[in-house]
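The values are calculated or read from the model by the stated rules, or taken from the named source; none is laboratory data. In this text, all values refer to a predicted model and were calculated from it rather than measured experimentally. Neighbour counts run over all protein chains shown; Cβ positions are idealised from the backbone, glycine included. Heavy atoms of the whole protein, side chains included, go into the accessibility calculation; ligands, DNA and RNA do not. Shrake-Rupley method; radii C 1.70, N 1.55, O 1.52, S 1.80 Å.
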Amino acid sequence: MKGSTHLAIGTAIGIAASIYYPFDPVHAAYYVAASAFSAISADLDGTNMLSSKLGKVSHRIRESALWLGLLALGAGGWLYSAGNPNYPALAAGGIGLVLLGLILKEGAVRNALVSLCGVGLLYAGWRSHSTGLIGLGVFVAWAPWLNHRGLTHTVWAALAWAFIAAAFERQLHVEGLGAAATAGYLSHLVADTLTPGGVKWLYPIVKKSIKLSF
Ligand SMILES: [Zn+2]
């Protein structure tokens with residue numbers, strides 16, 4: 001299912017939460033942001049709305065590594081011919097960069113960039129003693145390496161997400177934030193269940209995917 005559809009459903013849940021709970025503009029913004037974000041975050045396992053922009057960045061990083069490596073090799077050769085003793089360092093660096101550019105797949109670079117964001121959140125959470133941020137950091141750092149529609153699309157992930165959301169609710173004192181975020185996350189799993197691919201809700205205990213496609 002498309003990311004924009006998940007985003008729309010999540011936003012609608014956030015709006016519903018702002019109507020359901022006593023109205024407060026700041027709380028309403030929290031409900032919509034949390035629920036919309038929750039509705040797309042299950043797809044952090046692979047290419048999705050959140051990381052597709054990083055695809056271009058990954059492409060550039062890989063290309064830059066290759067070109068910088070070739071440049072360093074060229075410069076090393078030039079230093080060597082000029083009798084400069086610093087050529088081995090440049091040559092070694094150049095070979096390293098070229099190899100890195102050749103070995104790294106764009107997907108891996110993208111996953112690493114997403115993980116890096118997760119590590120940033122984890123660090124921020126650790127510095128500010130925020131359980132929610134720490135939990136979110138672990139999720140964001142871990143999810144990109146999982147199989148698509150694998151562990152992030154299960155009741156276990158939904159439970160973990162509910163735990164993270166509850167921690168944010170306690171920290172921010174926004175009643176219902178946890179429920180809105182959890183509903184947003186669950187909406188993603190339900191929406192994917194309606195697609196032909198279905199969702200393995202109880203993976204890895206039950207490996208069969210459950211689908212209700214029309
Ligand atoms: Zn999905």
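Residues that are touching a residue at least 12 places away in the same chain (Cβ under 8 Å) and more than 28 Å from Val57 (Cα to Cα) within segment 77-108 comprise Gly77, Pro88, listed in sequence order. The listed residues are Leu159, Leu100, and the only one of them that is under 28 Å from the mean Cα position of the chain (by Cα) and at pLDDT below 90 turns out to be Leu100. Here is a check on your reading of the model: is Leu7 more than 20 Å from Ala158 (Cα to Cα) and either assigned to a helix (DSSP H, G or I) or touching a residue at least 12 places away in the same chain (Cβ under 8 Å) (or both)? Against the criterion (more than 20 Å from Ala158 (Cα to Cα) and either assigned to a helix (DSSP H, G or I) or touching a residue at least 12 places away in the same chain (Cβ under 8 Å) (or both)), Leu7 does not qualify.
Scan Pro204, Pro196 and give me the residue that is outside any helix (DSSP H, G or I), away from the ligand (no atom under 16 Å from the Cβ) and not polar (S, T, N, Q). Break it down into steps so the answer makes sense when it comes.
Details: Pro196 fails: away from the ligand (no atom under 16 Å from the Cβ).
Testing whether each residue is outside any helix (DSSP H, G or I), away from the ligand (no atom under 16 Å from the Cβ) and not polar (S, T, N, Q) leaves just Pro204.
Restricting attention to helices (runs of 4 or more DSSP H) lying wholly within segment 47-146, give those where 2 or more residues are outside the structural domain of Phe37 (by TED's automatic domain parsing) and in contact with a Gly (Cβ under 6 Å, 6 or more places away or on another chain). Steps first, answer last, please.
Numbers: elements: 49-81, 87-103, 106-127, 131-142.
Fully inside segment 47-146 and qualifying: 49-81, 87-103.
Just name the residue that is nearest to the chain's Cα centre (by Cα) out of those in segment 169-214 that are open to solvent by 10 Å² or more (accessible area, probe 1.4 Å) and of a type in the set (Asp, Glu). Only one residue fits best here, namely Glu169. Listed by first and then second residue, the pairs linking a residue in segment 138-162 that is free of Cβ contacts under 8 Å to residues at least 60 places away in the same chain to a residue that is within 11 Å of the ligand (Cβ to nearest atom) and of a type in the set (A, V, I, L, M), with Cβ atoms under 9 Å apart and 6 or more places separating them unless they lie on different chains, are Trp142/Leu44; Thr154/Leu189; Thr154/Val199; Val155/Leu189; Ala158/Ala42; Ala158/Leu189.
Any residue at all in segment 132-142 that's touching a strand residue (DSSP E or B) at 6+ places or on another chain (Cβ under 7 Å), closer than 30 Å to Val206 by Cβ and within 16 Å of the ligand (Cβ to nearest atom)? The answer is no, given that none of the residues of segment 132-142 is touching a strand residue (DSSP E or B) at 6+ places or on another chain (Cβ under 7 Å), closer than 30 Å to Val206 by Cβ and within 16 Å of the ligand (Cβ to nearest atom).
Output the residues belonging to segment 151-164 that are surrounded by 17 or more Cβ atoms within 10 Å (Cβ to Cβ) and over 14 Å from Val138 (Cβ atoms). Answer for segment 151-164, where residues must be surrounded by 17 or more Cβ atoms within 10 Å (Cβ to Cβ) and over 14 Å from Val138 (Cβ atoms): His153, Thr154, Ala158, Ala162. When segment 41-92 is filtered for residues that are open to solvent by less than 50 Å² (accessible area, probe 1.4 Å) and at positive phi, only Gly46 remains.
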